[in-house]
Amino acid sequence: MAESVKISSLAQKDLLASAEWYEEQTAGLGERFAEIIYGSINAIANNPLIYKKVKANIREFVVEQFPYLIIYEYKNNVVNIIRIFHTSRNPKTKIQE
């Protein structure tokens with residue numbers, strides 16, 4: 001279990017923009033999206049080493065109900081959320097943008 005979780009400003013922007021988009025599509029869906037993302041972040045914090053390692057300390061969590069990945073780094077007992085990444089985007093930009 002991680003001691004703490006930090007969410008990068010880029011991940012916060014990803015989350016906000018995606019939640020707003022879903023809310024525009026269907027009332028309440030943006031809130032549901034945010035709930036699922038925060039629940040996923042809790043799952044990561046509870047067991048950060050079980051999810052797919054993609055590079056050095058970088059791992060990704062597949063969000064089940066929406067087409068998103070949560071890209072994070074686990075280092076020194078801290079989970080750093082790097083991105084909330086839509087799977088239709090160029091995978092080369094998961095960490096670089």
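The values are calculated or read from the model by the stated rules, or taken from the named source; none is laboratory data. Because the structure is a prediction, the values reported are computed rather than measured. Every residue, glycine as well, gets a Cβ built from its backbone with ideal geometry; the counts of neighbours run over all protein chains shown.
On the basis of being at negative phi and modelled with pLDDT under 95, does ASN80 make the cut? So ASN80 does not fit the description; no.
Residues in region 1-24 that are over 11 Å from the mean Cα position of the chain (by Cα) and β-branched (Val, Ile, Thr): VAL5 alone. A count restricted to region 22-44 and to residues that are under 15 Å from TYR68 (Cα atoms), free of Cβ contacts under 8 Å to residues at least 12 places away in the same chain and of a type in the set (A, V, I, L, M) stands at 1.
A Cβ distance below 9 Å, combined with a sequence gap of six or more or placement on separate chains, defines the contacts here; from region 61-75, residues that are polar (S, T, N, Q) reach residues that are modelled with pLDDT of 95 or more in the pairs GLN65/ARG32; GLN65/PHE33; GLN65/ILE36. Got a number for residues in region 59-89 being over 12 Å from the mean Cα position of the chain (by Cα) and either under 20 Å from ALA19 (Cα atoms) or among the hydrophobic types (A, V, I, L, M, F, W, C) (or both)? The qualifying residues number 4. Going by the conditions given, is SER4 surrounded by fewer than 19 Cβ atoms within 10 Å (Cβ to Cβ), in contact with a strand residue (DSSP E or B) (Cβ under 6 Å, 6 or more places away or on another chain), closer than 16 Å to ILE95 by Cβ and in contact (Cβ under 8 Å) with a residue 24 or more places away in the chain? Taking the combined requirement at face value, the residue does not satisfy it. Scanning region 68-78 for residues that are part of a strand (DSSP E or B) and more than 21 Å from THR93 (Cα to Cα) yields LYS75, VAL78. Of all residues in region 15-33, none satisfies being surrounded by 12 or more Cβ atoms within 10 Å (Cβ to Cβ) and either among the β-branched types (Val, Ile, Thr) or under 16 Å from MET1 (Cα atoms) (or both). Identify the residue in region 34-67 that is β-branched (Val, Ile, Thr) and assigned to a loop (DSSP other than H, G, I, E, B) and, among all such residues, is surrounded by the fewest Cβ atoms within 10 Å (Cβ to Cβ). Here the residue is ILE50.
The set of residues in region 46-86 that are among the hydroxyl-bearing types (Ser, Thr, Tyr) and more than 18 Å from ARG32 (Cβ to Cβ) comprises TYR51, TYR72, TYR74.
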